[in-house]
Amino acid sequence: MSAGLIVLIIVIVLVVGLVLWGMGAYNALVALRNRVGNGWAQIDVQLKQRADLIPNLVETVKGYATHESEVFTQVTQARAKALSVAGDPSATTADRAQAENALSRTLVNLQATAEAYPQLQANQNFMDLQGQLSALEQKIAYARQFYNDVVLKYNTKIETVPSNIIAGMFHFTQAQYFQTDEADRQVPQVKF
C-alpha cells in the first residue's frame, strides 16, 4: 500500500469516528432534554391533582371554620394564580415554581386553621382529603427531585467538554431548576 492510501484511510476513519461521536453526543443531549420535559410533565400532573383537590378541602374546612375567611381567600387566590401560570405558555419554570410555592404556603395555613377545630379533625371526609393532599405533596416533592436531578444531568452535559460543542452548534439551552423561593425557606407563622 502506498503512503497516500494509508493517510486517506486514516483520515476517513477519523472523520467517521468524529461523525459518530457527534451523533452520539447530539442524541444524548436530545434524550436528556426529553427527560427534562417528561420530568416537568410529571410535576404538572401532580400539581393539577392538587389544584383539583383544594376546593374540596377548602369547602370541608369552611363548614367548621366559617370566620376564617381570610385563609380561604388566600388559598383560593393562590390556587387561581397557580392555575393561571400553569396555563400561560410564556411562563418560565421559575414563575411556575413561585406560584406553586405560594400555594403550598397557603395550604400550610389552611391545615393550621383546621387543627384549631377538633370536631373537624374527627370528620372522616376531612381526614380523607387531608390524607390525599399529604400523599400528593409527597409525590410532588419526589417529582420535583426527579426533575431537578434530570436538569442537573442535562445542564452538566451542555456545559462539559466535548458535548458543549454539539450543544452550542444545535442551540441547546440550559433548563431551569424547580427551586424554592425565599419565602418558603422561612418557618411559617401560624396565628389564630
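The values are calculated or read from the model by the stated rules, or taken from the named source; none is laboratory data. Since the model is a prediction, treat every value here as computed from it, not as a measurement. Calculation scope for accessible area: heavy atoms of the full protein, side chains included, ligands and nucleic acids excluded. Shrake-Rupley method; radii C 1.70, N 1.55, O 1.52, S 1.80 Å.
Ligands, DNA and RNA aside, VAL16 has an accessible area near 70 Å² when probed at 1.4 Å. Taking every protein chain into account, the 1.4 Å probe leaves ASP88 with about 70 Å² of accessible area, to the nearest ten. Taking 0.36 nm per residue of sequence separation and removing the Cα-Cα distance, the SER69/GLN121 pair yields an extension gain of 16.9 nm.
Residue order by solvent-accessible surface for VAL19, VAL151 is VAL19, VAL151, largest first, with ligands and nucleic acids left out and a 1.4 Å probe.
Under 30 Å from the Cα of LYS48, which lysines turn up, not counting those fewer than eight places away in the same chain? Filter leaves LYS62, LYS81, LYS139, LYS153, LYS191.
TYR142 sits with roughly 150 Å² accessible to a 1.4 Å probe, with DNA, RNA and ligands left out of the calculation.
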